[in-house]
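Heads up, the thing below is written out as structure tokens.
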Amino acid sequence: MERTALTHKGIGIIPLTVLSALLFIALLMMNAATQNSSLFGNMYSSLLLINVLGVILLLGLILFNIYHLFIQLRARAVGSRLTLRLLGVLVLLAVTPVSVVYFFSLQALNRGIDSWFDVKIEQAMDDALMLGRTAFDALKQDLAATAEDMAIELENTSDKLALTALNYLREQHNVSELTLYNPNGQIIASSSKEGPDLTSLIPIPPDETVMSQIRQGLTYANLDPVGTSDLRLRVVVPVYGNKVGSPVRTLQVLQQLPNRYTKLGESVQSAFAEYEKLAYLRGPLKFGFTLSLSLVALMTMLIVVSGAIFTARRVVKPLRDLAEGTEAVAKGDYSKQLPAGGDDEFGMLARSFNEMTHQVHRAQTQLRRSQFEAEAQRTYLETVLEHLSSGVISFDQRQRLRTYNSAAVQILGINLENNQKKPLASISTDHEQLAPFVDTVREAVSNNQQEWHADIVLYQQAGRRVLMLRGTKMSALTSRRSGYVVVFDDVTALIQAQRDAAWGEVARRLAHEIKNPLTPIQLSAERIRHKCMKQLDEKTQNTLERATTTIIDQVEALKTMVNAFSDYARPMQMQRQPVDLNTLIKDIKELYRVSAYTQDSQKQQSHPNLSIELDLDDELPKIMADPGRLRQILHNLMLNAGEALAGKNNSRVRITTRCITKDNCHTVHLSIEDNGSGIPPEMMDRLFEPYVTSKEKGTGLGLAIVKKIVEEHSGSLWVENIEKGGACIHLHLPVNPALETGNKTNAMHNVPSPKESQA
Amino acid sequence: MRDCEKPEPNIAPLCLLLLAIFVSCPAIAEFQVSNIEPRLTKTTLHVTGILDLGLSDKAEEALSKGIPLDIVIDLSLSKKRTFLWNDRISMWIIRRNIRYHALSGQYLVIPDASESDKPAIESFSSLQEAMAQVGNLDFDQLELSADKLQGDNDYVMDVRAYLDIARLPAPLRPVAYTSPAWHLNSGWTQWNVLR
């Protein structure tokens, strides 16, 4: 699984601090409210809600961070394990003391509050209340007895006299208020010591509970609080009628207690009520304190855990950055820079790392730039080498082929790709014709020559090739990188051109230096014969006649030869016109078919068995050429073929024409093949030179003139021996010589075919 | 009447207490507005009615231990509107206090300060009678400004009664806030105003 980077999703210190401060303030306020503070008492619910929400928020943040941390842990994010360990340690160190303090504080709080309420005090309070009630009960019983006496006295009193009776009874028994109710609860009469009640004009009637008790014939006597601090006794008794079936009236007696009784009673009441309230509030008070303490502890722990998460991230961050940086460097990314950090050791480490990666990055950039420049230089050199007409081959120290260009392939005529990184000797092993080349190079390398050059001759299928070699030892910092480079040129054509030029010069000089004296010689010989013939005897005349005839014939022969050379050396005047080469070939064939049965004056050979086969391309276009010159070419070639086939049975000449390119024919190919004995190898490279002939007779200019005419037509020719026997002369003639000349000019950068270069 | 169980506050962890806020048994005792008869004259509103106010055991226990309880009765008079919400004209907040007098064994009902026609303290020998007195509405003259009562609009009265936890002693408030036994509230009920 690929390690991912630990992202920085977490609690920010500022939000955490603000949230913690707010929660702390809310806790303080809530605690103040618990302490019976009138300021925050009404806000208790809001404060509690704020604290609960804060706790939930903190808890959510923590859970989110822990979840996120575990996600990163599962993804094996850099630094996640260390963060988790550090977080665990920090949480353990922080939460444990808080938990201990919380536990003991809770225990102390509960015990402390419980200790406030002593069982003895509680019992004393109960006893005091009971004492008070007992004291008041005695008064109640007295008042109840008095009330019952009054009720007896009122039994015979009618409603109309009730008020008088009540006034009398009140005065007699010294009570505060007497009120007589009819059975419906309506007041019949009321007598009060101090007049109507200050708070109400109507005396307060007994409630329903009291009335139901009265209806049952019972007496109600109780203590009634009056106002905020006064007490009075209320006794309610039934008043029966003296007649059977009389309605039962109700007498309510109110007796205001003396101030001393009231104060003591109220004191006992308030003290008991306060104690009871406090005792009751003990539980809620503990709950409140527990709640506050728990909130404080929980909030503290949550804040501590949040801070621990933040701290763990903060502490691990430089290490995580460093780990990510080293990982990036390990992957080759030297541009990685770590955050600067502070002035601590992590910051120093980060700066050192950044400096290191910066140095490496700069060195790598320079190296890459150097590689790019070297590559550009190499491409440049390869381009130059590729377009050189000279062949270039380089070898390493162990004479293994390293580089070569296409010209080398072209000149050597082999595919050097197969010999890449192979020893030089393997080239000559695979290609014996290259042995002179390989031997020359190996000898120079073995002699450790710094610079050398040599001319060698190779005999290839295309003929004799003359190569000019120049070798240089390449120096390098290490011996492994040293080697040799050999530059060679095919100078065959150059030598041939030089030779052709030399022959042209010879022909011109022959025409100039030899032809001119011949005519005087011939005229002198004729004059001698004419002057001296009459003066000599018959025998001497015959001798003179033979001598002068010989002179004249030989001079004539010399003239013929010199004229032939003159024609060869003279620039040709071309009369170009569209020529159908196939028609011309057919004419030549017809000519030779007829001459086969006639005696040619000069060529005394007959070819009764010569078979001329034509394989002509019907779509051959007309070419711009001099028809007379073309006819001369065909004639010379047919003549050569006929002479090569002299005396041979079943002789055959095959003439073939083809378009070099089918779609857009620019060049036509003409080949004349015979089945003679072929051309001797030693003559192959000089076949088209003047005076190179295998015949006893002839000027040796036939093929030289053919070559010259072909070249005048911007064409090329070459000859090859056929394996089955015989020779074949190939001609390439451009359809439009002017266009072809342009094409050749444009094609100078292209690699010529071996046969074309041979021509 | 079923008691509502609560976790012991002194030992319960806070999480359980917080949980108790949301997950707890419902209170049996409840406040209900049984009947309200509001009647509107020119500038005076007469309201009579009965509120069934039942205290929970916890509240009864607190009352018997001397904790005074404040019962708040909210009266809100609004003008009916067809397409919009009702337009509140006036609102009265009646606060009645009930407490237990241990020495006499009486339940004391202290009416709102605005109820001047009633005694400052009324004592009852039973809690039911005291609560019935607290829930007994008989307001003869709730004053209204004449400019707020226009035309023959229909009016409604919203009534609500609830135990005011905020007036409880501070130590008791955390328990009261976190326990549904203390959340005694009738909710708003609406009554048509007679004219």
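The values are calculated or read from the model by the stated rules, or taken from the named source; none is laboratory data. For clarity, every value in this text was computed on a predicted model and none was experimentally measured. Glycine gets a Cβ as well: all are built from the backbone with ideal geometry, and neighbour counts include every protein chain shown. In case anyone asks, the SASA skips ligands and DNA or RNA and just uses the protein heavy atoms, side chains included. Shrake-Rupley method; radii C 1.70, N 1.55, O 1.52, S 1.80 Å.
Taking other residues whose beta carbon is less than 10 angstrom from the beta carbon of A:PHE488, and scoring Lys, Arg as +1 and Asp, Glu as -1, yields -2.
Taking the Cα atoms only, what angle lies between the long axis of helix A:162-173 and the longest principal axis of chain A, rounded to 10 degrees? The two axes meet at around 80 degrees. Partner shielding of B:60-66 amounts to 4, given as the average count of beta-carbon atoms from other chains within 10 Å of each residue beta-carbon.
Spatial offset of the stretch A:276-327 relative to the stretch B:86-128 amounts to 46 Å, using the alpha carbon center of each.
What's the average, rounded to a whole number, of partner chain beta-carbon atoms within 10 Å of each residue's beta-carbon in B:160-169? Display every interim value, and only then the final one.
Working: counts 0, 0, 0, 0, 0, 2, 5, 2, 4, 8.
The shielding value for this peptide is 2.
Placing B:LYS58, B:LYS42, A:LYS707 in order of accessible area, with the largest value first and a 1.4 Å probe, yields B:LYS42, B:LYS58, A:LYS707.
Taking each residue in A:274-286, count the Cβ atoms of any other chain within 10 Å of its Cβ, then average. What number comes out? Display every interim value, and only then the final one.
Working: counts 1, 3, 6, 8, 4, 2, 10, 10, 2, 7, 13, 8, 6.
That works out to 6 on average.
The spread of Cα positions in the stretch A:626-728, taken along each principal axis and listed from longest to shortest, comes to 42, 28, 25 Å.
Determine the distance separating the Cα centre of the stretch A:133-176 from the Cα centre of the stretch A:486-503; give it in Å without decimals. Measuring centre to centre over Cα atoms gives 169 Å.
Ignoring ligands, DNA and RNA, what percent of the 1.4 Å accessible area of chain A is carbon and sulfur?
On the way: 24050 of 42610 Å².
That fraction is 56 percent.
Could you pull out the pairs from A:LYS120/A:LYS286; A:LYS622/A:LYS724; A:LYS586/A:LYS707; A:LYS559/A:LYS707; A:LYS531/A:LYS559; A:LYS622/A:LYS648 whose alpha carbons sit more than 30 Å apart here? The answer is A:LYS622/A:LYS724; A:LYS622/A:LYS648.
Interface residues of the stretch B:88-114, defined as those losing at least 10 Å² of solvent-accessible heavy-atom surface relative to the isolated chain (probe radius 1.4 Å), are listed as B:TYR100, B:HIS101, B:ALA102, B:LEU103, B:SER104, B:GLN106, B:LEU108. Among A:86-95, A:712-721, sorting by the average number of other beta carbon atoms lying within 10 angstrom of each residue, highest first, gives A:712-721, A:86-95.
Among residues other than A:LEU469 whose Cβ falls under 13 Å from its Cβ, what is the net charge (Lys/Arg +1, Asp/Glu -1)? Local net charge: -3. The trypsin sites (Lys or Arg not before Pro) of the stretch A:301-352 that meet both conditions, a loop assignment by DSSP and at most 14 other Cβ atoms within 10 Å of the site Cβ, are A:LYS331.
Using the heavy atoms of the protein chains and a 1.4 angstrom probe, tell me the accessible area per residue for the stretch A:300-440 in square angstrom. Mind showing how you got there, number by number?
Working: 8040 Å² over 141 residues.
So the stretch A:300-440 comes to 57 Å² accessible per residue, rounded to a whole number.
Interface A-B: total buried accessible area of about 3600 Å², 1.4 Å probe, protein heavy atoms only.
Here is the list for the stretch A:50-113: trypsin sites (Lys or Arg not before Pro) lying in DSSP coil, each with at most 13 other C-beta atoms within 10 angstrom of its C-beta, are A:ARG76.
By accessible area of protein heavy atoms, probe 1.4 Å, what ranking do B:ILE94, A:ILE13 get, highest first?
Details: B:ILE94 5, A:ILE13 80 Å².
These residues rank, largest area first, as A:ILE13, B:ILE94.
Diffusion of chain A by Stokes-Einstein, at 10 °C in a medium of 1.306 mPa s and with Rh set to the Kirkwood radius over alpha-carbon pairs, works out to 37 µm²/s. Roughly what angle does helix A:80-116 make with the longest principal axis of chain A, taking Cα atoms, 0 to 90 degrees, to the nearest 10? Around 0 degrees separate the two axes.
Sorting A:TYR380, A:TYR181 by accessible area (1.4 Å probe), largest first, what list results? Mind dumping the intermediate values first?
Numbers: A:TYR380 135, A:TYR181 5 Å².
Largest to smallest exposure gives the sequence A:TYR380, A:TYR181.
Distance from the C-alpha centroid of the stretch B:66-82 to that of the stretch A:334-367: 74 Å, rounded to the whole angstrom. Taking Cα atoms only, the orientation of helix A:515-532 departs from the longest principal axis of chain A by about 10 degrees.
Accessible surface calculations at 1.4 Å, restricted to protein heavy atoms, place the stretch A:45-85 at 56 Å² per residue.
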